[in-house]
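S.K.: The structure's right below; bear with me while I get my questions together.
The values are calculated or read from the model by the stated rules, or taken from the named source; none is laboratory data. In this text the structure is predicted, and so the values were computed from the model without any measurement. When the accessible area is computed, the model is the full protein with side chains, heavy atoms only, and any ligands, DNA or RNA have been set aside. Shrake-Rupley method; radii C 1.70, N 1.55, O 1.52, S 1.80 Å.
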Amino acid sequence: MRRMADRKKHKDDVLVRLRRIEGQVRGLQRLVEQDTYCIDILTQVSATTRALQSFALQMLDEHMATCVSDAVEKGGEDKALKLKEASDAIARLVRS
């Protein structure tokens with residue numbers, strides 16, 4: 001039962017972080033609507049991009065620590081699939 005409570009708190013924390021990023025994007029919309037100076041908008045775009053990248057790295061780290069780790073421990077076909085998925089996700093993040 002404790003584990004379920006931990007997962008709920010973690011999910012809530014993730015959602016708070018995503019809502020913060022959503023607020024940053026809404027802020028960008030306001031800056032454009034208000035004809036804010038381009039460089040100031042670009043500064044905020046950079047901050048939002050960093051927040052999304054940080055979030056993506058957190059999700060990847062958690063995926064490796066849970067899903068991939070469990071699959072490697074169990075072995076079999078799922079192991080190769082999870083490792084390939086993780087590798088592909090890392091490649092997408094590197095290219096972005």
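S.K.: If you roll a 1.4 angstrom probe over the protein chains with everything in place, what fraction of the accessible area of the chain belongs to carbon and sulfur, to the nearest %?
M.R.: 58
S.K.: In a solvent-free Debye calculation with one equal scatterer on each Cα, what is log10 I(q)/I(0) for the range 12-63 at q = 0.13 Å⁻¹, listed in the order of the q values?
M.R.: Values, matching the q order: -0.36.
S.K.: If you scale each eigenvalue of the Cα gyration tensor by 5 and take the root, what three semi-axes come out for the chain, rounded to whole angstrom and sorted largest first?
M.R.: Largest first, the chain gives 35, 19, 7 Å.
S.K.: Treating the range 43-96 as a set of equal point scatterers at the Cα positions, no solvent, please give the Debye-formula log₁₀ I(q)/I(0) at q = 0.16 Å⁻¹.
M.R.: -0.53
S.K.: Quick one: accessible area per residue over the chain, 1.4 Å probe, rounded to a whole number of Å²?
M.R.: 79
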